[in-house]
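Presented below is the structure to which this report refers.
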Amino acid sequence: MTLEAIRYSNNTLEVLDQLRLPHESVYVPVRSAADGYDAIKTMTVRGAPAIAIVAALSLAVELARHEPFVDADAARGYIKAKLAYLVTSRPTAVNLSDAAGKLGKLVATITGSAEDVVMEYITAAELMLVDDVKDNISIGANGLTWAKKQFSEDSFSVLTICNTGSLATAGYGTALGIIRALNASGVLQHAYALETRPYLQGSRLTAYELVHDSIPATLVTDSMASVLLKTHPEIKMIVVGADRVARNGDTANKIGTYQLSIVARFHGVKFVVAAPTTSIDMKTVSGDDIVIEQRKPEELVTVRGPTVASDGSVDIADVRSVHIGAPGIDVWNPAFDVAPAALIDAIVTEKGVAEKDEKGNFHLEAFF
(Lines give C-alpha, C1' and ligand atoms only; values in the text may rest on other atoms or scores of the structure.)
Protein backbone atom coordinates (compact mmCIF):
# COMPACT_ATOMS: atom_id res chain seq x y z
CA MET A 1 0.00 0.00 0.00
CA THR A 2 1.20 3.50 -0.80
CA LEU A 3 1.09 6.23 1.79
CA GLU A 4 -1.92 8.45 2.34
CA ALA A 5 -1.36 12.17 2.70
CA ILE A 6 -5.12 12.81 2.67
CA ARG A 7 -7.77 10.83 4.53
CA TYR A 8 -11.37 11.70 3.77
CA SER A 9 -14.67 9.96 4.42
CA ASN A 10 -18.15 10.97 5.52
CA ASN A 11 -17.34 14.69 5.55
CA THR A 12 -14.31 14.14 7.77
CA LEU A 13 -10.88 15.25 6.57
CA GLU A 14 -7.43 14.55 8.00
CA VAL A 15 -4.03 15.34 6.50
CA LEU A 16 -0.70 13.75 7.31
CA ASP A 17 1.45 16.38 9.04
CA GLN A 18 4.45 16.44 6.73
CA LEU A 19 6.35 18.77 9.06
CA ARG A 20 6.76 15.82 11.44
CA LEU A 21 7.92 13.29 8.85
CA PRO A 22 9.91 11.08 8.64
CA HIS A 23 10.09 10.53 12.39
CA GLU A 24 6.40 10.75 13.28
CA SER A 25 3.24 9.94 11.33
CA VAL A 26 0.53 12.19 12.76
CA TYR A 27 -2.76 13.06 11.06
CA VAL A 28 -4.18 16.52 11.66
CA PRO A 29 -7.94 17.17 11.48
CA VAL A 30 -9.14 19.79 8.99
CA ARG A 31 -12.60 21.04 9.91
CA SER A 32 -12.89 24.25 7.89
CA ALA A 33 -11.53 26.30 5.02
CA ALA A 34 -9.46 28.21 7.57
CA ASP A 35 -7.89 24.95 8.73
CA GLY A 36 -7.23 24.04 5.10
CA TYR A 37 -5.62 27.41 4.44
CA ASP A 38 -3.38 27.02 7.47
CA ALA A 39 -2.35 23.46 6.54
CA ILE A 40 -1.36 24.63 3.05
CA LYS A 41 0.33 27.87 4.11
CA THR A 42 2.46 26.19 6.78
CA MET A 43 3.27 23.26 4.45
CA THR A 44 1.69 20.76 6.81
CA VAL A 45 0.39 19.50 3.48
CA ARG A 46 2.26 20.29 0.25
CA GLY A 47 2.54 19.21 -3.36
CA ALA A 48 0.57 20.95 -6.10
CA PRO A 49 -2.13 18.27 -6.57
CA ALA A 50 -2.51 17.66 -2.82
CA ILE A 51 -3.00 21.29 -1.84
CA ALA A 52 -5.73 21.71 -4.45
CA ILE A 53 -7.59 18.67 -3.10
CA VAL A 54 -7.17 19.68 0.54
CA ALA A 55 -8.42 23.18 -0.23
CA ALA A 56 -11.50 21.85 -2.03
CA LEU A 57 -12.27 19.26 0.65
CA SER A 58 -11.68 21.64 3.55
CA LEU A 59 -14.48 23.81 2.21
CA ALA A 60 -16.63 20.72 1.62
CA VAL A 61 -16.20 19.74 5.28
CA GLU A 62 -17.09 23.27 6.38
CA LEU A 63 -20.19 23.35 4.16
CA ALA A 64 -21.38 19.99 5.52
CA ARG A 65 -21.38 21.47 9.03
CA HIS A 66 -22.64 24.94 8.10
CA GLU A 67 -26.06 26.18 9.10
CA PRO A 68 -28.56 26.18 6.22
CA PHE A 69 -28.16 29.13 3.84
CA VAL A 70 -31.14 31.41 3.32
CA ASP A 71 -31.13 30.73 -0.42
CA ALA A 72 -29.01 29.41 -3.31
CA ASP A 73 -27.46 32.81 -4.02
CA ALA A 74 -26.20 33.03 -0.44
CA ALA A 75 -24.64 29.58 -0.75
CA ARG A 76 -22.99 30.46 -4.06
CA GLY A 77 -21.62 33.72 -2.69
CA TYR A 78 -20.23 32.00 0.38
CA ILE A 79 -18.48 29.31 -1.67
CA LYS A 80 -17.07 31.85 -4.11
CA ALA A 81 -15.57 33.93 -1.30
CA LYS A 82 -14.07 30.93 0.46
CA LEU A 83 -12.49 29.61 -2.75
CA ALA A 84 -10.90 33.00 -3.43
CA TYR A 85 -9.51 32.98 0.12
CA LEU A 86 -8.05 29.49 -0.25
CA VAL A 87 -6.28 30.34 -3.52
CA THR A 88 -4.15 32.94 -1.70
CA SER A 89 -2.47 30.26 0.44
CA ARG A 90 0.11 29.27 -2.25
CA PRO A 91 0.42 31.47 -5.38
CA THR A 92 2.77 29.47 -7.64
CA ALA A 93 1.02 26.10 -7.97
CA VAL A 94 -1.67 26.39 -10.62
CA ASN A 95 -3.61 23.29 -9.50
CA LEU A 96 -5.10 25.23 -6.61
CA SER A 97 -6.42 28.12 -8.68
CA ASP A 98 -7.48 25.72 -11.44
CA ALA A 99 -9.53 23.65 -8.99
CA ALA A 100 -11.07 26.75 -7.42
CA GLY A 101 -11.96 28.11 -10.85
CA LYS A 102 -13.64 24.88 -11.95
CA LEU A 103 -15.56 24.52 -8.71
CA GLY A 104 -16.62 28.16 -8.86
CA LYS A 105 -17.93 27.74 -12.41
CA LEU A 106 -19.79 24.59 -11.40
CA VAL A 107 -21.46 26.28 -8.46
CA ALA A 108 -22.52 29.20 -10.66
CA THR A 109 -24.44 26.85 -12.97
CA ILE A 110 -26.31 24.86 -10.30
CA THR A 111 -30.03 25.48 -10.21
CA GLY A 112 -32.25 24.57 -7.30
CA SER A 113 -32.06 25.16 -3.57
CA ALA A 114 -29.16 26.18 -1.36
CA GLU A 115 -28.93 22.56 -0.26
CA ASP A 116 -28.55 21.51 -3.90
CA VAL A 117 -25.67 23.96 -4.35
CA VAL A 118 -23.90 22.65 -1.24
CA MET A 119 -24.37 18.98 -2.14
CA GLU A 120 -23.20 19.49 -5.72
CA TYR A 121 -20.07 21.23 -4.47
CA ILE A 122 -19.29 18.48 -1.96
CA THR A 123 -19.75 15.77 -4.61
CA ALA A 124 -17.45 17.57 -7.04
CA ALA A 125 -14.76 18.09 -4.37
CA GLU A 126 -14.90 14.41 -3.40
CA LEU A 127 -14.53 13.39 -7.04
CA MET A 128 -11.27 15.34 -7.28
CA LEU A 129 -9.72 12.98 -4.73
CA VAL A 130 -10.70 9.90 -6.74
CA ASP A 131 -9.71 11.34 -10.11
CA ASP A 132 -6.26 12.42 -8.92
CA VAL A 133 -5.25 8.85 -8.06
CA LYS A 134 -6.47 7.61 -11.44
CA ASP A 135 -4.59 10.39 -13.23
CA ASN A 136 -1.38 9.65 -11.34
CA ILE A 137 -1.50 5.97 -12.23
CA SER A 138 -1.97 6.96 -15.87
CA ILE A 139 1.02 9.34 -15.64
CA GLY A 140 3.12 6.49 -14.30
CA ALA A 141 2.03 4.16 -17.10
CA ASN A 142 2.62 6.79 -19.80
CA GLY A 143 6.04 7.61 -18.38
CA LEU A 144 6.99 3.94 -18.31
CA THR A 145 5.97 3.44 -21.95
CA TRP A 146 7.87 6.55 -23.07
CA ALA A 147 11.03 5.64 -21.14
CA LYS A 148 11.16 2.07 -22.47
CA LYS A 149 11.12 3.47 -26.01
CA GLN A 150 14.00 5.86 -25.28
CA PHE A 151 16.55 3.49 -23.79
CA SER A 152 17.95 0.23 -25.16
CA GLU A 153 19.11 -0.94 -21.72
CA ASP A 154 17.07 -3.58 -19.89
CA SER A 155 17.31 -1.45 -16.76
CA PHE A 156 18.48 2.04 -15.87
CA SER A 157 18.58 4.50 -12.99
CA VAL A 158 16.67 7.73 -12.40
CA LEU A 159 17.28 10.95 -10.47
CA THR A 160 14.53 13.11 -8.96
CA ILE A 161 14.10 16.20 -6.79
CA CYS A 162 11.61 17.27 -4.12
CA ASN A 163 8.64 15.03 -3.30
CA THR A 164 6.16 14.08 -5.99
CA GLY A 165 4.67 10.90 -4.60
CA SER A 166 1.73 9.84 -2.46
CA LEU A 167 2.57 12.58 0.01
CA ALA A 168 2.23 15.29 -2.66
CA THR A 169 -0.93 13.96 -4.28
CA ALA A 170 -4.04 11.97 -3.48
CA GLY A 171 -1.95 8.84 -3.99
CA TYR A 172 0.75 7.14 -6.13
CA GLY A 173 2.35 10.35 -7.36
CA THR A 174 3.49 12.09 -10.54
CA ALA A 175 7.28 11.95 -10.99
CA LEU A 176 7.55 9.43 -8.17
CA GLY A 177 4.59 7.66 -9.77
CA ILE A 178 6.73 7.12 -12.88
CA ILE A 179 9.52 5.78 -10.66
CA ARG A 180 7.02 3.43 -9.02
CA ALA A 181 5.87 2.23 -12.45
CA LEU A 182 9.47 1.69 -13.60
CA ASN A 183 10.20 -0.29 -10.45
CA ALA A 184 7.07 -2.42 -10.74
CA SER A 185 7.93 -3.32 -14.33
CA GLY A 186 11.48 -4.34 -13.42
CA VAL A 187 13.32 -1.71 -15.46
CA LEU A 188 14.34 0.54 -12.56
CA GLN A 189 17.89 -0.17 -11.51
CA HIS A 190 18.12 2.51 -8.84
CA ALA A 191 16.47 5.78 -7.81
CA TYR A 192 18.50 8.75 -6.60
CA ALA A 193 16.75 11.46 -4.59
CA LEU A 194 18.11 14.95 -4.00
CA GLU A 195 17.65 16.17 -0.42
CA THR A 196 15.99 19.35 -1.77
CA ARG A 197 17.22 22.23 0.34
CA PRO A 198 16.12 24.21 2.18
CA TYR A 199 12.91 22.41 3.15
CA LEU A 200 14.37 18.91 2.69
CA GLN A 201 11.35 17.38 0.96
CA GLY A 202 13.68 14.86 -0.64
CA SER A 203 15.42 13.62 2.48
CA ARG A 204 12.34 13.81 4.71
CA LEU A 205 9.57 12.77 2.35
CA THR A 206 10.76 11.15 -0.89
CA ALA A 207 13.28 9.02 0.99
CA TYR A 208 10.46 8.07 3.38
CA GLU A 209 8.29 6.91 0.49
CA LEU A 210 11.11 5.04 -1.25
CA VAL A 211 11.96 3.15 1.93
CA HIS A 212 8.26 2.50 2.59
CA ASP A 213 7.86 0.92 -0.87
CA SER A 214 11.20 -0.93 -0.74
CA ILE A 215 12.41 0.79 -3.91
CA PRO A 216 16.22 0.64 -4.27
CA ALA A 217 17.29 4.21 -3.64
CA THR A 218 20.06 6.52 -2.48
CA LEU A 219 19.85 10.04 -1.02
CA VAL A 220 22.33 12.69 -2.20
CA THR A 221 22.73 16.39 -1.56
CA ASP A 222 21.57 18.90 -4.15
CA SER A 223 25.16 19.93 -4.90
CA MET A 224 26.10 16.36 -5.85
CA ALA A 225 23.85 16.15 -8.92
CA SER A 226 26.52 17.07 -11.50
CA VAL A 227 29.18 14.67 -10.29
CA LEU A 228 26.54 11.98 -9.75
CA LEU A 229 25.61 12.06 -13.45
CA LYS A 230 29.29 12.10 -14.43
CA THR A 231 30.19 9.07 -12.34
CA HIS A 232 26.95 7.08 -12.77
CA PRO A 233 26.28 6.69 -16.50
CA GLU A 234 23.49 4.23 -15.72
CA ILE A 235 21.34 7.26 -14.81
CA LYS A 236 19.47 7.86 -18.05
CA MET A 237 16.66 10.13 -16.91
CA ILE A 238 15.87 12.95 -14.51
CA VAL A 239 12.15 13.09 -13.74
CA VAL A 240 10.60 16.02 -11.87
CA GLY A 241 7.16 17.25 -10.95
CA ALA A 242 5.57 20.60 -11.74
CA ASP A 243 3.77 23.32 -9.84
CA ARG A 244 2.89 25.14 -13.06
CA VAL A 245 3.60 24.44 -16.72
CA ALA A 246 3.28 27.45 -19.02
CA ARG A 247 1.75 27.23 -22.49
CA ASN A 248 5.18 26.99 -24.13
CA GLY A 249 6.34 24.21 -21.78
CA ASP A 250 8.42 26.28 -19.36
CA THR A 251 7.99 24.55 -16.01
CA ALA A 252 8.00 25.99 -12.51
CA ASN A 253 9.00 23.44 -9.93
CA LYS A 254 10.87 23.20 -6.64
CA ILE A 255 14.01 25.34 -6.45
CA GLY A 256 16.92 23.38 -7.92
CA THR A 257 14.98 22.05 -10.90
CA TYR A 258 16.37 24.65 -13.31
CA GLN A 259 19.95 23.69 -12.59
CA LEU A 260 19.06 20.01 -13.02
CA SER A 261 17.74 20.74 -16.52
CA ILE A 262 21.08 22.37 -17.40
CA VAL A 263 23.11 19.50 -15.95
CA ALA A 264 20.95 16.94 -17.74
CA ARG A 265 21.56 18.56 -21.12
CA PHE A 266 25.35 18.70 -20.56
CA HIS A 267 25.51 15.01 -19.65
CA GLY A 268 23.07 13.79 -22.30
CA VAL A 269 20.47 12.68 -19.77
CA LYS A 270 16.75 12.91 -20.58
CA PHE A 271 14.93 15.58 -18.59
CA VAL A 272 11.27 14.73 -18.07
CA VAL A 273 8.44 16.65 -16.40
CA ALA A 274 5.58 14.65 -14.89
CA ALA A 275 2.42 16.69 -14.48
CA PRO A 276 -1.34 16.24 -14.57
CA THR A 277 -3.04 18.49 -17.11
CA THR A 278 -4.38 20.49 -14.15
CA SER A 279 -0.79 21.74 -13.71
CA ILE A 280 -0.71 23.10 -17.28
CA ASP A 281 -1.72 26.74 -17.38
CA MET A 282 -2.58 27.72 -20.94
CA LYS A 283 -3.23 31.29 -19.77
CA THR A 284 0.43 31.69 -18.82
CA VAL A 285 2.42 32.23 -22.01
CA SER A 286 5.90 31.46 -20.64
CA GLY A 287 7.88 31.01 -17.47
CA ASP A 288 8.54 34.75 -17.37
CA ASP A 289 4.91 35.22 -16.36
CA ILE A 290 4.97 32.79 -13.43
CA VAL A 291 4.91 34.35 -9.97
CA ILE A 292 7.61 32.75 -7.81
CA GLU A 293 6.75 32.45 -4.13
CA GLN A 294 9.31 33.78 -1.67
CA ARG A 295 9.49 31.81 1.58
CA LYS A 296 10.51 32.85 5.08
CA PRO A 297 14.23 33.35 5.82
CA GLU A 298 13.97 30.97 8.77
CA GLU A 299 13.64 27.99 6.44
CA LEU A 300 17.15 28.60 5.12
CA VAL A 301 18.98 29.23 8.39
CA THR A 302 17.29 26.73 10.71
CA VAL A 303 16.73 22.98 10.75
CA ARG A 304 14.29 21.04 12.90
CA GLY A 305 14.42 17.44 14.02
CA PRO A 306 14.80 14.99 16.88
CA THR A 307 18.01 14.92 18.89
CA VAL A 308 20.66 12.27 18.28
CA ALA A 309 22.58 10.62 21.13
CA SER A 310 26.30 9.84 21.03
CA ASP A 311 25.49 6.22 20.15
CA GLY A 312 23.51 7.37 17.09
CA SER A 313 20.07 6.63 18.55
CA VAL A 314 17.26 9.10 17.73
CA ASP A 315 14.98 10.51 20.41
CA ILE A 316 11.77 11.44 18.58
CA ALA A 317 10.31 12.81 21.80
CA ASP A 318 12.97 15.53 21.89
CA VAL A 319 12.40 17.62 18.77
CA ARG A 320 14.32 20.87 18.48
CA SER A 321 14.97 23.69 16.02
CA VAL A 322 18.62 24.62 15.51
CA HIS A 323 19.96 27.81 13.94
CA ILE A 324 22.70 27.00 11.39
CA GLY A 325 23.22 30.32 9.58
CA ALA A 326 25.33 33.25 10.66
CA PRO A 327 23.14 35.60 12.72
CA GLY A 328 22.23 38.72 10.77
CA ILE A 329 22.98 37.33 7.30
CA ASP A 330 20.53 38.33 4.58
CA VAL A 331 18.49 35.51 3.03
CA TRP A 332 17.02 35.01 -0.45
CA ASN A 333 14.64 32.06 -0.42
CA PRO A 334 12.60 31.52 -3.61
CA ALA A 335 10.54 28.35 -3.30
CA PHE A 336 10.58 27.59 -7.03
CA ASP A 337 12.50 28.16 -10.23
CA VAL A 338 11.64 27.68 -13.90
CA ALA A 339 13.15 25.04 -16.18
CA PRO A 340 12.95 26.33 -19.79
CA ALA A 341 11.09 24.30 -22.38
CA ALA A 342 14.26 24.17 -24.49
CA LEU A 343 15.84 21.90 -21.86
CA ILE A 344 12.80 19.64 -21.36
CA ASP A 345 12.61 16.43 -23.41
CA ALA A 346 9.07 15.38 -22.55
CA ILE A 347 6.07 16.39 -20.46
CA VAL A 348 4.19 13.33 -19.22
CA THR A 349 0.49 13.77 -18.39
CA GLU A 350 -2.41 11.46 -17.71
CA LYS A 351 -3.59 12.09 -21.28
CA GLY A 352 -0.30 11.28 -22.99
CA VAL A 353 3.25 12.47 -23.49
CA ALA A 354 4.09 15.82 -25.12
CA GLU A 355 7.33 16.08 -27.08
CA LYS A 356 8.67 19.00 -29.09
CA ASP A 357 8.23 19.24 -32.84
CA GLU A 358 11.07 19.79 -35.32
CA LYS A 359 11.05 23.50 -34.44
CA GLY A 360 11.44 22.78 -30.74
CA ASN A 361 7.88 23.66 -29.74
CA PHE A 362 5.54 21.77 -27.45
CA HIS A 363 1.87 21.68 -28.40
CA LEU A 364 0.18 21.36 -25.04
CA GLU A 365 -3.10 22.64 -26.44
CA ALA A 366 -3.62 19.12 -27.81
CA PHE A 367 -4.45 17.98 -24.26
CA PHE A 368 -7.36 20.42 -24.05
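Laid out as a table, the results:
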read-out: Test set (1) within 25 Å of ASP135 (Cβ to Cβ); (2) surrounded by fewer than 19 Cβ atoms within 10 Å (Cβ to Cβ) - ARG31 fails condition number; value: (1)
read-out: Tabulated pairs, the stretch 216-233, first at negative phi, second polar (S, T, N, Q), C-beta under 7 angstrom, 6+ apart or interchain; value: LEU219/SER203; ASP222/THR196; HIS232/SER157
read-out: Residue in the stretch 317-337 that is in contact with a Leu (Cβ under 8 Å, 6 or more places away or on another chain), of a type outside the set (Asp, Glu) and farther than 20 Å from TYR199 by Cβ present; value: no
read-out: Some residue of the stretch 161-178 being in contact (Cβ under 8 Å) with a residue 12 or more places away in the chain, crowded, with 23+ Cβ neighbours inside 10 Å and more than 15 Å from the chain's Cα centre (by Cα); value: no
read-out: Residues located in the stretch 129-170, provided they are part of a loop (DSSP other than H, G, I, E, B) and polar (S, T, N, Q); value: SER152, SER155, ASN163, THR164, SER166, THR169
read-out: Qualifying position, being under 24 Å from the mean Cα position of the chain (by Cα) and crowded, with 22+ Cβ neighbours inside 10 Å, among ALA84, ALA100; value: ALA100
read-out: Selection count, the stretch 104-123, where residues are of a type in the set (A, V, I, L, M, F, W, C), without any contact (Cβ under 8 Å) to a residue 40 or more places away in the chain and touching a helix residue (DSSP H, G or I) at 6+ places or on another chain (Cβ under 6 Å); value: 3
read-out: Which numbered condition GLU153 fails, given (1) in contact (Cβ under 8 Å) with a residue 60 or more places away in the chain; (2) surrounded by 18 or more Cβ atoms within 10 Å (Cβ to Cβ); value: (2)
read-out: Subset of the stretch 199-222 [more than 15 Å from ILE238 (Cα to Cα) and assigned to a helix (DSSP H, G or I)]; value: GLN201, SER203, ARG204, LEU205, ALA207, TYR208, GLU209, LEU210, VAL211, HIS212
read-out: Inter-residue pairs, beta-carbon under 9 Å, first in the same structural domain as VAL273 (by TED's automatic domain parsing) and in a strand (DSSP E or B) and in the stretch 346-368, second charged (D, E, K, R) and surrounded by 12 or more Cβ atoms within 10 Å (Cβ to Cβ), 6+ apart; value: ALA346/LYS270; ALA346/GLU355; ALA346/LYS356; ILE347/GLU355; THR349/ASP135
read-out: Strands (runs of 3 or more DSSP E) lying entirely in the stretch 252-340 (those with 2 or more residues that are touching a residue at least 24 places away in the same chain (Cβ under 8 Å) and either among the polar types (S, T, N, Q) or in contact with a Phe, Trp or Tyr (Cβ under 6 Å, 6 or more places away or on another chain) (or both)); value: 336-339
read-out: Restricting the stretch 197-213 to residues that are in contact with a helix residue (DSSP H, G or I) (Cβ under 8 Å, 6 or more places away or on another chain) and charged (D, E, K, R), the residue that is nearest to HIS23 (Cα to Cα); value: GLU209
read-out: Test: GLY241 is without any contact (Cβ under 8 Å) to a residue 60 or more places away in the chain and within 20 Å of the chain's Cα centre (by Cα); value: no
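The values are calculated or read from the model by the stated rules, or taken from the named source; none is laboratory data. Since the model is a prediction, treat every value here as computed from it, not as a measurement. Here the Cβ is made from the backbone with ideal geometry for all residues, glycine too, and neighbour counts use every protein chain on show.
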